[in-house]
Amino acid sequence: MSLVEKHQKLERNSVILLIATTIAVLIGGVVEIIPLFRTETQIKPVGDIRPYTPLELAGQNIYVREGCHTCHSQQIRSLRDEVVRYGHYSIPAESMYDHPFLWGSKRTGPDLARVGGKYSDDWHVAHLKEPRDLVPESVMPSYSFLMKKGAKIDDLGSHLKALQSLGVPYTDEMVELAQQDAIAQATGEARTDTSGLAERYGEKVNARDFDGQPHIVSEMDALVAYLQVLGTFVDFDAIKDVEDEAP
Amino acid sequence: MSDKNNQNHTGKGKGKDIDHATGIETTGHEWDGIKELNNPMPRWWLWVFFITIIWSVWYWVVYPSWPVPGGATLGTKGYTQEGALKESQQEIFARQQVYLDKFQQASFDEILNDQELYRFAMTGGAAAFKDNCATCHGAGGAGQTGYPNLNDDDWLWGGRLSDISQTLHYGIRAGNMDTHLSQMPAFGKDKLLSREEIEAVVDHVMFISGQVKADSEHGAQIFAQQCAACHGENGQGDREFGAPNLTDKIWLYGGDRHTVYETVYNARAGVMPAWKDRLDENTIRQLTIYIHQLGGGEQDDMAMEEEAGDVREREDNAGQL
């Protein structure tokens, strides 16, 4: 009996075919899925990544709600042209605490993975209010209503808690003081005590009035705080050695 | 198996059912008298199929593929995306090296006097400007409200190569140790001046900028006390503080009464990001030359010594403001 004929048996018996197909699909699935359970083996550890502050998290929620990711990616691929334009390619550790990650797959606008620090707060606010004021040919929608809406910060504690259960290293203290930290960050050193915030999230945290409205924590505050921190965690000059060692 | 089995499937009796017209075996399926021929797969198709299987085995060996405890098989070729990037960058570096070797060592003066290096700087500068600066300063560097025009010879912080280089490295009010820093007081908001006093000093600003004929005496007094320290006695500006010239027609925020009032009431503090950590040194040098050549570049006798730009040097040159 030739190989072809043997195969015919497989094809002609639906039960055998079903079993064989299932086995083939299982092998494929296992090979693809198992590595995802072991991401810690894929992610090169980088010391400086911190979880988002509550205010930045509120900003990320607005980013998702407004669908910014439908026009903006947050992943700089390791291609020459992208690295020239956007900076160091994204590394897995940088989106380690993103739930959901916002790599995106479409670029109507530029990649935002390293937009933090590229512009001033004023620029972001003016740009989000009316992109065409600054970039005449822009097709980005206007988000001026973010100025007037208060950010949803009363439930940030639960939000942190949910992330905590997913393995994001928020401490119980952070969970408890989430709302307070959000207000402190959007108000800034000049008007309030931000030392607790700095203690919990590091000295480098941007704490200031982002939107020029010191008395409210607007959605604009939250979104700009989020944008200003994107891609700023890792000091790539400092980890160059680690990279050079990599295979 | 399988005579019986076969029977079930073909629905025919024992043995093969041969199609009379072609002499080819049928699958035994029949629809309204139409039968399906059991032609073998085309040979070329099978070959392609077998080759893909062989290729996949080759791929497993050569490239990183199978997950194993502690990572994945690395493959014999040692391929990584990082490595591939480095290689493709090397290719460009190698091409640029012709210029870079000279460019890195040349002083700004030498670059300006060397056609090739100059072209290299201008091309790179123009490209980097589009990627990083155009969104604030406009595509042609013409600026917009709050973002200065870089084409003219009206400078806030200085238009010599060393000044521009300093501005680019450390930014303006950008929150680092070496950044340009100054803060005009918010005279109204912080109640340093009353509304009447602000009105008066605005009148004076309107006068020195040539927009109205009549000066306000009271305003001139206030100006001398409150503003001259930064903007200069005659309002001609002072680069030490990045304080704009108030006597010309070039305005950063606007020269109409309403806007000037707003400026004095709330103050302004334009922020320009620092580029030291975002762009590499060569790109910053290219940009410096590009900005300098846009139109308003000023001569700099000290360009040779003063590569990276040093604020302290500026004081020596304060006279030429």
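Scanning region A:120-169 for residues that are of a type in the set (Lys, Arg) and either without any contact (Cβ under 8 Å) to a residue 40 or more places away in the chain or within 14 Å of chain B (Cβ to nearest Cβ) (or both) yields A:LYS129, A:ARG132, A:LYS161.
Could you please let me know if B:ALA142 is more than 14 Å from chain A (Cβ to nearest Cβ), open to solvent by 20 Å² or more (accessible area, probe 1.4 Å) and of a type in the set (A, V, I, L, M, F, W, C)?
Details: more than 14 Å from chain A (Cβ to nearest Cβ): no; open to solvent by 20 Å² or more (accessible area, probe 1.4 Å): yes; of a type in the set (A, V, I, L, M, F, W, C): yes.
It is false that B:ALA142 is more than 14 Å from chain A (Cβ to nearest Cβ), open to solvent by 20 Å² or more (accessible area, probe 1.4 Å) and of a type in the set (A, V, I, L, M, F, W, C).
When restricted to residues that are out of contact with any His (no Cβ under 6 Å at 6 or more places or on another chain) and either assigned to a loop (DSSP other than H, G, I, E, B) or open to solvent by 40 Å² or more (accessible area, probe 1.4 Å) (or both), region B:154-211 contains 37.
Within region B:40-56, restricting attention to residues that are within 14 Å of chain A (Cβ to nearest Cβ) and farther than 17 Å from B:ILE24 by Cβ, the residue that is least open to solvent (accessible area, probe 1.4 Å) is B:SER56. Within region A:51-102, the set of residues being more than 14 Å from every other protein chain (Cβ to nearest Cβ), polar (S, T, N, Q) and assigned to a loop (DSSP other than H, G, I, E, B) comprises A:THR53, A:SER73, A:GLN74. The single condition among (1) over 21 Å from B:TYR147 (Cβ atoms); (2) assigned to a helix (DSSP H, G or I) that A:TRP123 does not satisfy is (1).
Suppose the filter is part of a helix (DSSP H, G or I) and either within 11 Å of chain B (Cβ to nearest Cβ) or more than 41 Å from the chain's Cα centre (by Cα) (or both); does A:LEU26 pass it? It would help to see each step written out before you state the result.
On the way: part of a helix (DSSP H, G or I): yes; either within 11 Å of chain B (Cβ to nearest Cβ) or more than 41 Å from the chain's Cα centre (by Cα) (or both): no.
No.
Which one is most open to solvent (accessible area, probe 1.4 Å) among residues in region B:249-267 that are assigned to a loop (DSSP other than H, G, I, E, B) and more than 18 Å from B:GLN236 (Cβ to Cβ)?
The initial filter retains those residues of region B:249-267 that are assigned to a loop (DSSP other than H, G, I, E, B), namely B:249-256, B:267.
Still in the running and more than 18 Å from B:GLN236 (Cβ to Cβ): B:254, B:256, B:267.
Numbers: B:GLY254: 18, B:ASP256: 75, B:ALA267: 18 Å².
Top of the filtered list is B:ASP256.
Considering the conditions (1) under 23 Å from the mean Cα position of the chain (by Cα); (2) within 14 Å of chain A (Cβ to nearest Cβ); (3) not in a loop (DSSP other than H, G, I, E, B), B:ALA94 is excluded by exactly one of them, (1). With respect to the stated conditions, B:ALA127 is farther than 22 Å from A:ASP122 by Cβ and within 12 Å of chain A (Cβ to nearest Cβ).
The values are calculated or read from the model by the stated rules, or taken from the named source; none is laboratory data. Owing to the predicted nature of the structure, the values given are computational and were not obtained by experimental measurement. Positions of Cβ are backbone-derived with ideal geometry, glycine not excepted, and every protein chain shown enters the neighbour counts. These area figures cover heavy atoms from the full protein model, side chains too; ligands, DNA and RNA do not enter into them. Shrake-Rupley method; radii C 1.70, N 1.55, O 1.52, S 1.80 Å.
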